[in-house]
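The values are calculated or read from the model by the stated rules, or taken from the named source; none is laboratory data. Computed from a prediction, not measured in an experiment: that's the story for all the values here. Please note: Cβ atoms are built from the backbone with ideal geometry, for glycine as well, and neighbour counts cover all protein chains shown.
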Amino acid sequence: MNQPAWKQAIALAWMSTGCGLLGGGGGGAGASTPANVAPASAARTSGGAEAGADAELRAMVTEALTPQLCPKLLGSFVGLPGEGDARGPAAGATASVGRWWIRRCEARTVGDRMELSIGGSGWTWIDRETSGFRVRQYLLFDASASLGADVTVGYDRTRRVASLWMTPAAGVQATITPRGMVAVEPQGFFASVLGGVAAVTGNSVSERARTQAAELGSTQLRDRLGAGFTMTVGLERRQVDFMVGALQRGEVPERPYPAAEGGPWLVNQRSMVWPGGLDVVGPVDTSQGALGLDVALEEGDGVVIRAVCAEPLTRYFDARFRDPVATPAAPSGDVIAELTQGVRERHITLPAQVAGARCPMVLTFSTRGGGALPARMRYRVAPELPGAVATPSAPRRVRVQVTGVSVTPRNANGRAWDLVGGEADVRVITASVPLRREVDRTPVAADHNDATWGRWLPSAFEVGRDLPLRFTVVDDDTTTEEVIGSADLDVDALARATPELSLPVRTAGAVPTQTGTLRLRIEVLP
């Protein structure tokens, strides 16, 4: 086959990268037909040696790519973008609001066309209002899709970007079936009346919402898959990327992070997580060398990042999808980072494995316990630079001692704590924020702005389950209990423990004021 050199390079690039299908995991729909690229059918009707070479190249790429699709897709969590108008390369930077967990996959070549059938469970955040009713929740679903696609290749010499387009033939089939209840909230008096009438007549508003969600979701999935797929290889850095939709020749998806210095990134995404939800990335393979995670909190109160084994996460999701009203506990794994409003960006060297286990590793992202706002974040997983200093992972279990506390002589308003003279009557109340329960109360240190206890909190704390711990310092007079301020012990604070740790005690409000210092001692347990 006498192909031009660039066509050989394209074919070899995809074959050597193992197709890189989920390199970027983007979404969005672009133009329906890539510019300056003849459809695959054109080669079948044109003559000449060049047309024959193009057909042979497409056949070779199709045959090389097809058997690699399912090994790449099975077990992966494909990002689902929210509703928006981003198109073309810009769609690669939009936030995912859910995941499609691919559990079934079959790919084969029929003639010179690729045929693909995939299915699995998933979840997505929906926020819709229609006819006075609003749905605002995570929707669990089962989804399946099948399509046949023609493969076309192209190359932009100036940008040194090779592109592969998979253009679906007519007849894309896609079905989404909601799982569990769709909670519908009436937005106004008339909607409340209509909802009551529907319940009396047996025509449940929730059931109608489920039906509409199935119809709308199936249509959107068919439209999105029908727009085709684009895979790109930047020959400068050998960066492979993939997104739904047809990009122009030489275009690559926009991503939240720029190219990585250590090598081609593996994941480069933006996502949103609402309280009670999870975002999942992986499995993450560290067997070929150390990987680094760059992550930034763009909106929200905070996010907790964990490394967990894939098997217990699979059992957790199986239980959720088997019984959508069940609330099993998600596997805690190892907390590797926590972002807050004070620490909004981090770089972490990922652990080689989950502590004490040899298993495929998955990263999970969830909002901090007690937070009411969704978290929007961006993250990138890429090979770690040589010589990079590993960020120590947080411990799994700790004991905590309340050593003491010092408070200012006056409160934020300039008034003394004790109205009849003397110093504050200090007590520290400890609570687990994610578990929403009180853990301990110290004895009252009467007339002491500088109190000492040396009091170990009862039992040990599972970092991934119990933290953050909130320490509320109060002035406990006989008739009143005035809050002096509070301090949180989170994963980032644990990393600073030596093992003594001092935390600022601050007031609540828009402009917190420091009113004291809490002293702790941390004992790390195996």
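Here are some notes:
- Cβ-Cβ distances below 6 Å connect the following pairs, each with a first residue in region 253-270 that is more than 15 Å from T232 (Cβ to Cβ), a second residue that is among the basic types (K, R), and a separation of six or more residues or different chains: P256/R270; P256/R378; Y257/R380; R270/R378.
- Conditions (1) closer than 18 Å to R99 by Cβ; (2) more than 21 Å from the chain's Cα centre (by Cα); (3) modelled with pLDDT of 85 or more; number of the one not met by V295: (2)
- Among the residues of region 71-112, those identified as free of Cβ contacts under 8 Å to residues at least 60 places away in the same chain and of a type in the set (D, E, K, R) are K72, E83, D85, R103, R104, E106, R108.
- Residues being polar (S, T, N, Q) and touching a residue at least 12 places away in the same chain (Cβ under 8 Å) - total across region 460-480: 1
- Where a residue in region 438-453 is within 18 Å of R410 (Cβ to Cβ) and its partner, wherever it lies, is among the hydrophobic types (A, V, I, L, M, F, W, C) and surrounded by fewer than 18 Cβ atoms within 10 Å (Cβ to Cβ), with Cβ under 7 Å and at least six apart: none
- Here the condition is being farther than 16 Å from V161 by Cβ and buried (at least 22 other Cβ atoms within 10 Å of the Cβ); of G300, G263, G282, G276, it holds for G300 alone.
- Some residue of region 470-482 being closer than 23 Å to R396 by Cα and either part of a strand (DSSP E or B) or hydrophobic (A, V, I, L, M, F, W, C) (or both): yes
- Residues that are at pLDDT below 90 and touching a Leu at 6+ places or on another chain (Cβ under 8 Å) within region 104-116 comprise A107, M114, E115, L116, listed in sequence order.
- Selection over region 319-346 of residues that are of a type in the set (A, V, I, L, M, F, W, C), out of contact with any helix residue (DSSP H, G or I) (no Cβ under 9 Å at 6 or more places or on another chain) and in a strand (DSSP E or B) gives a count of 0.
- Qualifying residue in region 445-455 (condition: under 30 Å from R346 (Cα atoms) and outside the structural domain of S332 (by TED's automatic domain parsing)): no
- Extreme residue, nearest to D127 (Cα to Cα), among residues of region 241-277 that are in contact with a helix residue (DSSP H, G or I) (Cβ under 8 Å, 6 or more places away or on another chain) and assigned to a strand (DSSP E or B): R270
- Index of the failed condition, A355 passing every other in (1) of a type outside the set (S, T, Y); (2) surrounded by 19 or more Cβ atoms within 10 Å (Cβ to Cβ); (3) assigned to a loop (DSSP other than H, G, I, E, B): (2)
Okay, residues lined up against (1) within 15 Å of L518 (Cα to Cα); (2) outside the structural domain of P499 (by TED's automatic domain parsing); (3) exposed (fewer than 15 other Cβ atoms within 10 Å of the Cβ):
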residue: G404; (1), (2), (3): yes, no, no
residue: R415; (1), (2), (3): no, no, yes
residue: V463; (1), (2), (3): no, no, no
residue: R470; (1), (2), (3): yes, no, no
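- Screening region 131-219 for strands (runs of 3 or more DSSP E) wholly inside it with 3 or more residues that are more than 32 Å from the chain's Cα centre (by Cα), within 30 Å of A246 (Cα to Cα) and modelled with pLDDT of 75 or more returns the ranges 133-156.
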